[in-house]
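Readers should treat all values here as calculations from the given coordinates under stated rules, not as data from a laboratory. Just so we're clear, the structure is a prediction, and the values are computed from it rather than from any experiment. As a convention, Cβ positions derive from the backbone with ideal geometry for all residues, glycine included, and neighbour counts pool all protein chains shown.
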Amino acid sequence: MIQTDKQTFALNSFCKAFSIILTIVIYCSCNSQSSEDAIKSVDTNPKVAPESLHFIAHIVENNSDGTKSEIDTLTGYRKYFYANGKLQMEGKVTKASPKDYRDGIWNYYNDAGQLMKQETSTQEGKVNELNFMYFKNGKPLSKTYQYYEGNYKDRANFKFHKIETLFYTNGQELSERHSINGSIVEEKCWDSKGNPKPIEYLKTIKSVEAND
């Protein structure tokens, strides 16, 4: 069975306090850099793997510790479950030589059923990655989407993108920062009702608590 980094899932317990630190350290201490390049709109929301829509468990393996795995032998899609019955991870494995590889969208969950990470891969490797952290109320605290453009060997044209989003406790976006190769190219922020604000507004925020 494929193993996951369970330390990632342990972060949920202190997410509420960490949100304020993220707001102050990541955003207020940084100066946004202007970019002459037009910033492309990027969908940073989780995607759905087509193979998951018609999944059939042809093989089911029950383990002595209560965990379970299911495999669709026609598509290569597989699911792994925690002992409590919650989904732990799911995705497609494609058979190839010299070795099989993770193909397409893979989702990783904590034992409460929350999506913690989504990766998209090809035979050449990982294409993009999306990570989440959550408040105690179950709503997202932060979302980080990473992807690249070009060939990493071509340093002149290679672009590594990182889009970081913070949220209020009511689920409304607080701020979004887009960086390319470590340089900030765009920053946006909102109040707890979703109204756009100038980036300086972040320095006035003392709490991410917000009413629904």
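Structure summary
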| read-out | value |
| --- | --- |
| Trypsin sites (Lys or Arg not before Pro) within segment 97-142: DSSP coil, no more than 13 neighbouring Cβ in 10 Å | 99, 136 |
| For residue 128, distant residues with modelled amide H under 5 Å away | 120 |
| Cross-link reach list, aspartates and glutamates versus residue 95, counting only Cα pairs under 19 Å and skipping chain neighbours closer than eight places | 51, 70, 72, 103, 119, 124 |
| Cubic angstrom per residue, convex hull over Cα atoms of segment 94-148 | 71 |
| Spatial separation of Cα centroids for segment 183-199 and segment 138-172, in angstrom | 15 |
| Placed amide H near residue 93: partners under 5 Å, 5+ positions off or other chain | 77, 78, 103 |
| Residue 135 long-range amide H proximity, modeled H, under 5 Å | 141 |
